[in-house]
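Colleague: Below you'll find the structure I mean.
The values are calculated or read from the model by the stated rules, or taken from the named source; none is laboratory data. Not measured: the values here are computed from a predicted model. We place every Cβ from the backbone using ideal geometry, glycine too, and count neighbours over all the protein chains shown. These accessible areas exclude ligands, DNA and RNA; they are computed on the full protein's heavy atoms, side chains included. Shrake-Rupley method; radii C 1.70, N 1.55, O 1.52, S 1.80 Å.
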Amino acid sequence: MMPFPVTTPGAQQTPPPPKHCGISSPISLAAPKETDCILTQKLIETLKPFGVLEEEEELQRRILILEKLNSLVKEWIREISESKSLPPAVIESVGGKIFTFGSYRLGVHTKGTDIDALCIAPRHVDRSDFFTSFYDKLKLHEEVKDLRAVEEAFVPVIKLCFDGIEIDILFARLALQTIPEDLDLRDDSLLKNLDIRCIRSLNGCRVTDEILHLVPNIDNFRLTLRAIRLWAKCHNIYSNILGFLGGVSWAMLVARTCQLYPNAVASTLVRKFFLVFSEWEWPNPVLLKEPEERNLNLPVWDPRVNPSDRYHLMPIITPAYPQQNSTYNVSVSTRMVMIEEFKQGLAITHEILLSRAEWSKLFEAPSFFQKYKHYIVLLASAPTEKQHLEWVGLVESKIRILVGSLEKNEFITLAHVNPQSFPAPRENPDKEEFRTMWVIGLMLKKPEDSEVLSIDLTYDIQSFKDTVYRQAINSKMFEMDMTIAAMHLRRKELHQLLPNHVLQTKKTHSVEDVRLTTLNDGSLDLSADSESRMSAPSPARAAKTGPMTGSSQGRNSPAPAIMAASVTNMQITEVSSQQVNPGESSGGASRESTSQTASQPAMSLPPKPTITRVVSSTLLVNHPPRPSGSTATNIANPIVGV
């Protein structure tokens with residue numbers, strides 16, 4: 001395994017020589033106590049069953065694979081050099097090297113995770129060579145499987161499976177005649193005269209190396225980071241693409257904690273991590289070092305110069321030039337969720353310190369599906385597995401746009417997206433299709449002057465769909481029968497789409513039929529009964545809706561269509577009742593139910609929320625229109641961010 005700071009109980013560690021790291025002095029230089037060392041050992045024992053500590057055999061296998069890949073790169077660069085008639089002396093020493101970054105380079109990878117790698121080549125090797133001759137060389141290697149090139153990506157990459165290990169290889173060409181073995185990618189001068197794609201490719205390695213250079217004790221950092229990564233994944237706040245934090249951001253937060261407590265062991269650092277960031281005054285940035293200007297005219301994060309940087313809610317700045325904010329996707333809702341988790345983590349680690357709880361409590365998953373009364377379920381569907389993988393990736397990358405738009409509504413306190421996606425039941429059992437869904441929990445607040453709240457989300461949902469379809473069409477990804485659907489479900493209706501082990505509840509729910517339908521008007525109707533008796537009878541209770549069914553609407557729409565009754569608007573309604581469970585109320589709301597319908601065109605302005613009493617029903621309606629012609633280009637952009 002990777003080395004860990006295992007301390008024998010009863011023996012105190014001798015503090016290392018002072019090493020000042022970071023932009024400020026440490027908060028504490030205290031050496032670990034005996035209890036800290038015991039708690040650290042208990043933390044290690046707790047982590048083992050989760051599989052976050054890789055076995056030595058698996059580690060050696062990865063090292064061997066990287067050595068083989070490194071040899072292939074050197075051999076390929078020599079062949080390219082010969083084909084371009086370089087002098088024999090240069091060919092002999094031309095070099096070339098594979099660097100790693102991400103979780104593997106940080107030393108916190110887990111069993112089965114992929115390896116992020118970077119191929120460094122001298123100036124006479126082009127990117128086109130990497131995606132042609134090197135690709136062909138890999139293709140001929142017997143241990144390489146599932147080889148695919150993504151040359152047009154924001155950061156171009158070759159993906160492959162080498163002897164069972166997934167590897168992503170980026171490429172960077174340096175302005176050097178040869179690549180020395182002792183090359184230090186942290187050298188800023190290497191960025192001179194490079195194209196932007198090479199700079200992006202280098203960034204991962206440069207940031208990772210800089211983080212390791214800026215922590216006072218790498219072993220303590222690694223064990224602490226393993227614990228925090230596991231905690232973040234268990235609590236569903238590990239996802240850069242959905243507006244939470246990704247791996248490099250968590251690493252930088254842990255690194256900053258290590259700088260503030262340079263002599264602390266992992267058990268102390270985990271506790272201090274929650275202490276520091278539950279009290280952090282966002283949007284003050286987290287910095288591991290003072291930003292430096294290298295006069296290379298590269299864009300850097302600087303709110304004094306860039307107005308857009310002033311709107312970042314939770315800035316965590318990468319330490320390598322050009323400095324960037326790794327958390328630009330964070331929204332008001334995701335920040336609220338993470339801060340609440342920091343506070344809960346602090347409370348749990350305090351209990352652990354007082355021997356009132358075990359470390360395992362820190363890694364217990366929260367009950368997301370019991371937390372809110374109302375949920376929006378997004379469903380992406382495609383006819384083939386290959387199309388589904390591409391479609392799901394695109395839809396997931398845009399969900400944060402919908403969350404940002406929902407946050408703008410004055411009656412939505414929180415829009416909490418669960419980073420986990422789930423397989424969805426087929427709409428038509430006889431039709432081959434692949435379906436994935438995401439769940440967004442809504443916390444509502446009612447107006448001060450009324451007991452009834454109506455929220456119109458037509459524009460938000462429609463703008464989100466239009467954005468996804470427009471990008472799919474523009475990138476030539478879109479295929480017929482690729483669809484997005486959105487529906488509202490109350491908490492007690494989630495079991496109709498999600499199994500009990502996901503919902504984490506043993507409560508027996510009363511089964512209420514739900515119908516998923518599509519309207520011709522391209523609008524969304526999301527409706528549900530209130531969770532208690534309403535003052536007016538629900539039509540859905542008088543006449544139950546049927547099961548999920550569908551029929552084709554023709555080639556003008558990518559989604560199956562089902563004829564349904566005409567509806568006029570889309571609303572979320574909150575109705576008060578006499579009996580309220582305080583644990584289920586949100587934003588001061590006494591009683592909540594949801595009814596959403598729509599008939600307004602996609603390009604209409606968002607209607608103002610109106611206060612009306614709406615009789616609830618269980619009708620769930622959604623329609624994913626396909627932008628076409630001039631209409632696709634004229635759709636108003638949804639509001640993004642805050």
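Colleague: For the pair residue 304 and residue 500, what calculated FRET efficiency results from E = 1/(1 + (r/R0)^6), where r is the Cβ-Cβ distance and R0 = 30 Å, to the nearest 0.05?
Modeller: 0.05
Colleague: Could you tell me which trypsin sites (Lys or Arg not before Pro) in region 210-314 are loop residues by DSSP with no more than 12 other beta carbons within 10 angstrom of their beta carbon?
Modeller: 304
Colleague: A further question on this structure: For region 411-424, take each phi angle, set θ = phi - 60°, evaluate the Karplus expression 6.51 cos²θ - 1.76 cosθ + 1.60, and give the result in whole Hz per residue in order, putting x for glycine and proline.
Modeller: Each residue of region 411-424 in turn: 9, 9, 6, 8, 10, 9, 8, 7, x, 6, 9, 9, x, 9 Hz.
Colleague: Give me the distance between the Cα centres of region 384-450 and region 302-322, rounded to whole Å.
Modeller: So the two Cα centres are separated by 29 Å.
Colleague: Can you flag which of 361/398; 97/272; 343/445 are past 28 Å Cα-Cα? Write out the running numbers ahead of the final one.
Modeller: Numbers: 361/398 33 Å; 97/272 38 Å; 343/445 23 Å.
The pairs that break the limit, which is 28 Å between Cα atoms, are 361/398; 97/272.
Colleague: Taking all protein chains as present, what is the carbon and sulfur share of the accessible area of region 111-219, in % to the nearest whole number, probe 1.4 Å?
Modeller: Values: 2230 of 4860 Å².
The nonpolar share, carbon plus sulfur, comes to 46 percent.
Colleague: Here is a further query. In region 291-385, what GluC sites (Glu not before Pro) fall in a loop by DSSP, with at most 16 other Cβ atoms inside 10 Å? Present the calculation step by step, with values, prior to reporting the outcome.
Modeller: Details: sites: 292, 293, 340, 341, 351, 358, 364, 385; in loops: 292, 293, 358, 364.
Taking region 291-385 and a limit of 16 other Cβ atoms within 10 Å, the loop GluC sites (Glu not before Pro) found are 292, 293, 358, 364.
Colleague: Give the residue list of trypsin sites (Lys or Arg not before Pro) in region 23-71 that are DSSP loop and have at most 14 other beta-carbon atoms within 10 angstrom.
Modeller: 33
Colleague: What percent do you get for the relative contact order of region 262-364 when only Cα pairs under 8 Å and 6+ apart count?
Modeller: Numbers: 100 pairs, mean separation 29.3, N = 103.
Taking the mean separation of contacting Cα pairs over the length of region 262-364, I get 28 percent.
Colleague: Leaving ligands, DNA and RNA out of it, report the carbon-plus-sulfur percent of the accessible area of region 346-494 at a 1.4 Å probe.
Modeller: C and S atoms contribute 48 percent here.
Colleague: With the Cα gyration tensor of region 228-360 giving a ≥ b ≥ c as the square roots of its eigenvalues, does the rule (a/c under 1.5 for rounded; else a/b larger than b/c for prolate; else oblate) give rounded, prolate or oblate?
Modeller: In terms of gyration-tensor shape, prolate.
Colleague: Can you grab the distance from the C-alpha centre of region 341-380 to the C-alpha centre of region 135-189, Å, no decimals?
Modeller: Each part's Cα centre sits 39 Å from the other's.
Colleague: Please report the net charge: other residues with Cβ closer than 13 Å to the Cβ of residue 265, K and R +1, D and E -1.
Modeller: Numbers: positive: 33, 42, 222, 271, 272; negative: 34, 36, 219.
Cβ neighbours under 13 Å give a net charge of +2.
Colleague: Further question: By per-residue mean of other Cβ atoms within 10 Å, what is the highest-first order of 274-280, 453-459, 475-481? Numbers along the way, then the final one.
Modeller: Working: 274-280: 18.1, 453-459: 22.9, 475-481: 13.7.
The peptides rank, most packed first, as 453-459, 274-280, 475-481.
Colleague: Next question, about the same structure. What's the local net charge at residue 187, with K and R +1, D and E -1, over the other residues with C-beta under 15 Å away?
Modeller: Surrounding charge for residue 187 is -2.
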